[in-house]
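Following: one structure in structure tokens, then a few remarks.
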Amino acid sequence: MNANFTSSRTIGIAAAGILLFVGGVGAGHLLSRGAAEETHGRSAVREAKKELYTCGMHPNVIQEGPGICPICHMALVPVRGSAPEEGGRAEGTITIDPEVVRNIGVRTETVGRGPLMKTIRATGLVVEDETRVGIVNLKVDGWIEKVYVDETGRSVKKGDPLIEIDSPQLAITQEEYLIALDNLRRLEESAPAEIVSAARQTFESTRRRLLYWNITDEQIADLERTREVRRTMTLRSPFTGVVTMKDVLPGSRVMPGTNLYRIADLGVVWVQASVFDADLPFISLGQTATMTLSFLPGRGFDGRVTFLSPVLDPITRDLKIRLEFPNEKGELKPGMYADVRIESVLDDNAVLVPAEAVIRSGKRDVVFLSKGEGRFAPVEVLLGASGSGGVVQVLSGVLSGEQVVTSAQFLLDSESSFREAVKKMMEGGPSALSPAGVPGHAGPAALSVSVSAPGERPLFQGEPVRNALSVASDGSITILCPVMKNERTIAPGDIYSTHQGMRVYYCCPGCQADFDADPERYLAELDAALAARAK
């Protein structure tokens with residue numbers, strides 16, 4: 001092991017190895033096929049090309065030249081390098097055997113162009129149209145003689161009788177009206193114009209009083225024809241709709257201003273819904289919408305957006321919108337819950353890729369392009385809005401007609417990351433090679449122990465530990481004692497011996513003495529124990 005082996009390279013190799021190991025045995029051979037990778041030396045005196053070999057079962061084992069894996073004793077195979085993509089758009093093209101492509105289930109789709117549709121879904125509540133609701137009340141006092149509409153839910157038309165009211169005030173006004181009418185007719189024949197004008201004003205005043213009390217022109221005409229003063233008068237509906245409130249009983253006394261009926265025209269209804277503020281750019285007044293009801297599957301109702309609240313709800317932090325739907329057949333009842341769908345076209349000719357094709361790391365978005373013959377290239381893309389149907393808009397990075405990978409791309413991403421780690425390691429020269437290239441090394445455990453994460457204190461002066469088992473997230477190292485074969489977590493100041501450029505830690509001073517007496521024996525036993533644990 002070279003003491004200059006840097007911790008940052010170690011982390012990259014270990015991370016790539018862990019990712020590929022989790023991928024499974026079937027995907028392990030993903031790394032085992034390829035050709036030599038070109039390297040870039042840091043100085044002109046280094047060789048232009050070096051060939052690295054790895055183990056298909058343990059990809060973290062890397063060394064120059066062929067050999068045997070120290071863990072599973074399989075023959076090492078060449079590591080296939082990466083090549084720059086045509087046009088310089090991306091680096092890291094990887095090549096995989098077609099049989100492996102089929103085994104790991106790589107699927108691709110063609111990048112296409114089409115309309116980018118945004119669908120906004122919300123749950124709505126059917127309510128009455130506030131502009132089509134009326135209240136029926138009285139402007140005179142009296143007693144209810146008869147009730148024609150005696151239950152809520154009844155449909156009425158304008159002019160239908162609602163109640164008959166016995167009102168002395170109405171009876172007196174009817175008499176005054178007939179007297180004023182007779183006086184006007186008599187004076188029109190012989191009296192001066194001034195007197196006729198005064199009589200006409202009295203007549204008109206009495207007539208207006210009846211009209212103000214909701215006595216219709218037809219009823220007044222009937223009074224003139226029959227000249228019969230009725231003790232009761234019929235109050236008729238001024239609206240067409242459904243009675244949603246009734247507060248009248250026969251024999252009860254009513255005073256002016258008493259609300260008797262509430263009538264709502266349900267030929268048009270409103271639907272109140274809530275949307276998130278992020279959806280506001282996709283909603284506008286007059287936009288069409290579709291509503292469905294759970295008890296009418298497959299049936300849709302078409303409406304439009306008529307109102308957008310100017311403020312957010314301070315409690316729910318959403319925005320209230322209102323939609324209007326025709327309801328000629330009365331199928332939409334106030335109080336119903338409905339599913340509302342609003343669709344808008346964000347772009348008529350957008351470049352679209354399946355959402356599952358995108359690998360989102362938080363810092364960048366990447367898709368894998370299929371180049372044919374088992375070649376795949378990672379490409380960074382700039383994404384736009386997400387659309388309906390599981391697609392996302394691509395603003396730059398891919399072109400229409402290219403093939404993107406939609407499944408198993410995470411395995412490809414693991415391999416691509418591994419190739420990048422290999423490339424950086426090769427740029428570092430022979431001192432950056434994996435400890436697996438050191439004769440007699442046990443393999444993956446010692447590879448991951450010289451950890452020095454950015455911002456943290458390097459453990460044990462960055463020197464690798466030969467008998468390390470694992471490294472915790474806090475940087476502490478667990479070792480396997482080469483003598484007693486028990487585990488313990490080491491700390492600065494613990495006893496150790498240096499052998500072949502690496503440290504060997506113990507569980508007690510007695511074990512150190514035994515090891516120093518016969519190091520080759522205990523190293524052989526240690527290698528066997530570590531190899532058994534790695535299987």
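The values are calculated or read from the model by the stated rules, or taken from the named source; none is laboratory data. In this text the structure is predicted, and so the values were computed from the model without any measurement. Neighbour counts run over all protein chains shown; Cβ positions are idealised from the backbone, glycine included.
Do any strands (runs of 3 or more DSSP E) entirely within the stretch 425-522 hold 2 or more residues that are touching a Leu at 6+ places or on another chain (Cβ under 9 Å) and either at pLDDT below 85 or surrounded by fewer than 22 Cβ atoms within 10 Å (Cβ to Cβ) (or both), and if so, which?
468-471, 477-480, 487-490
With respect to the numbered conditions (1) surrounded by 12 or more Cβ atoms within 10 Å (Cβ to Cβ); (2) farther than 30 Å from S284 by Cα; (3) at pLDDT below 85, which one is the sole condition not fulfilled by S386?
Unmet condition: (2).
Of everything in the stretch 378-402, what is assigned to a loop (DSSP other than H, G, I, E, B) and touching a helix residue (DSSP H, G or I) at 6+ places or on another chain (Cβ under 6 Å)? Give them in sequence order.
Matches in the stretch 378-402: G390 only.
Which is modelled with pLDDT of 90 or more, more than 23 Å from the chain's Cα centre (by Cα) and aliphatic (A, V, I, L, M), of L319, L308, L293?
Going through L319, L308, L293 in turn, the sole match is L293.
Do you know which of the residues in the stretch 339-378 that are of a type in the set (D, E) and farther than 14 Å from V106 by Cα is modelled with the highest pLDDT?
D339
If you go through the stretch 211-243, how many residues are free of Cβ contacts under 8 Å to residues at least 40 places away in the same chain and not β-branched (V, I, T)?
8
Name every residue in the stretch 294-320 that is within 23 Å of A385 (Cβ to Cβ) and loosely packed, with under 11 Cβ neighbours inside 10 Å, in order of residue number.
Matches in the stretch 294-320: R317 only.
I need a count of the residues in the stretch 308-341 that are among the aliphatic types (A, V, I, L, M) and under 30 Å from V242 (Cα atoms).
Of the residues in the stretch 308-341, 7 are among the aliphatic types (A, V, I, L, M) and under 30 Å from V242 (Cα atoms).
To keep it simple, each residue is scored yes or no on (1) charged (D, E, K, R); (2) touching a residue at least 24 places away in the same chain (Cβ under 8 Å); (3) touching a strand residue (DSSP E or B) at 6+ places or on another chain (Cβ under 6 Å).
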position: A472; (1), (2), (3): no, no, no
position: T478; (1), (2), (3): no, no, yes
position: V483; (1), (2), (3): no, yes, no
position: N486; (1), (2), (3): no, no, no
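Looking at (1) touching a residue at least 24 places away in the same chain (Cβ under 8 Å); (2) within 22 Å of E130 (Cα to Cα); (3) touching an Asp or Glu at 6+ places or on another chain (Cβ under 9 Å), which one does D313 not meet, given that it meets all the others?
Only one criterion is unmet by D313, namely (3).
Name every residue in the stretch 253-293 that is exposed (fewer than 12 other Cβ atoms within 10 Å of the Cβ) and either touching an Asp or Glu at 6+ places or on another chain (Cβ under 8 Å) or not assigned by TED's automatic domain parsing to the domain that holds T119 (or both), in order of residue number.
Across the stretch 253-293, the qualifying residues are R253, M255, G257, D277.
Taking I163 as meeting all but one of (1) free of Cβ contacts under 8 Å to residues at least 24 places away in the same chain; (2) under 19 Å from G257 (Cα atoms), write down the number of the exception.
(1)
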